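Presented below is the structure to which this report refers.
The values are calculated or read from the model by the stated rules, or taken from the named source; none is laboratory data. As the structure is a prediction and not an experimental result, all values here were calculated from the model. A quick note on method: Cβ atoms are made from the backbone with ideal geometry, for glycine too, and the neighbour counts reach across all protein chains shown. In case anyone asks, the SASA skips ligands and DNA or RNA and just uses the protein heavy atoms, side chains included. Shrake-Rupley method; radii C 1.70, N 1.55, O 1.52, S 1.80 Å.
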Amino acid sequence: MPSTPRSARWWDTGMDDLRIRAAAPADLDTVLTFWKEAAEGTSISDDRDGVARLLDRDPESLLLAERDGELAGTVIAGFDGWRCHLYRLAVHPGHRRRGVATALLAAAEERFAALGGRRGDAMVLNENELAHHAWSAAGYAPQPQWSRWVKPLRP
C-alpha cells in the first residue's frame, strides 16, 4: 500500500459497517480506556506516554476498528525493519465474533507486506484461551521452541 497521510489511511474490510484506520494522537485516551475494558491484562506501556511514543515512532502502527463510530477493536502492528510484531489485539465484548479481529489482522498483514515484512509474530497470554482460539483461526500457532525473556527498563 503506498504511503498516504495518516488521516487518509483506511483499510477496506469488506464490511460496510466496519472501518479500520491508523490511530491519531487524539485517540490516545479513548484507546487506553478501551483496553481497560476489552484487553486481557495490562502492559508496562499502557499509559499515555507509552502509546504516544509508539505513534511518534511509527504513526501507522496502532490500528483501530470502528463500527458505527464506536471503537470496536485494536491491534498494534509494529515493524522494526526485521520482524513484524502484533500486540494488543483487543475486541470489545459487544463486537466479538463479528469479524473485527479478522479484519484487524488482515489490515496488519497488509501493512507488513507493504513494508517488506516476511512473518508476523504475536504476543498472546498463555492463560487467555479465548485469544488462543482467535489467533489459531487466523492461522497463527505457538512456537514451542521459543520463550519470551523480558527485563523492565528504567526510564
Practice task
Scan the range 88-114 for residues that are assigned to a loop (DSSP other than H, G, I, E, B), farther than 15 Å from residue 135 by Cβ and among the basic types (Lys, Arg) and jot them down.
Solution key: 98
Fill in the blank from the handout: residue 46 vs (1) open to solvent by 40 Å² or more (accessible area, probe 1.4 Å); (2) assigned to a loop (DSSP other than H, G, I, E, B); (3) at pLDDT 95 or above: all pass except (3)
Handout entry: the range 13-43, subset under 12 Å from residue 66 (Cα atoms), of a type outside the set (D, E, K, R) and in a loop (DSSP other than H, G, I, E, B), residue least open to solvent (accessible area, probe 1.4 Å)
Key = 23
Practice task
For the range 98-112, enumerate the residues that are open to solvent by less than 50 Å² (accessible area, probe 1.4 Å) and either at pLDDT 95 or above or within 13 Å of the chain's Cα centre (by Cα) (or both).
Solution key: 100, 101, 103, 104, 105, 107, 108, 111, 112
Handout entry: Hits in the range 113-134 (condition: within 17 Å of residue 74 (Cα to Cα), open to solvent by less than 40 Å² (accessible area, probe 1.4 Å) and modelled with pLDDT of 90 or more)
Key = 120, 122
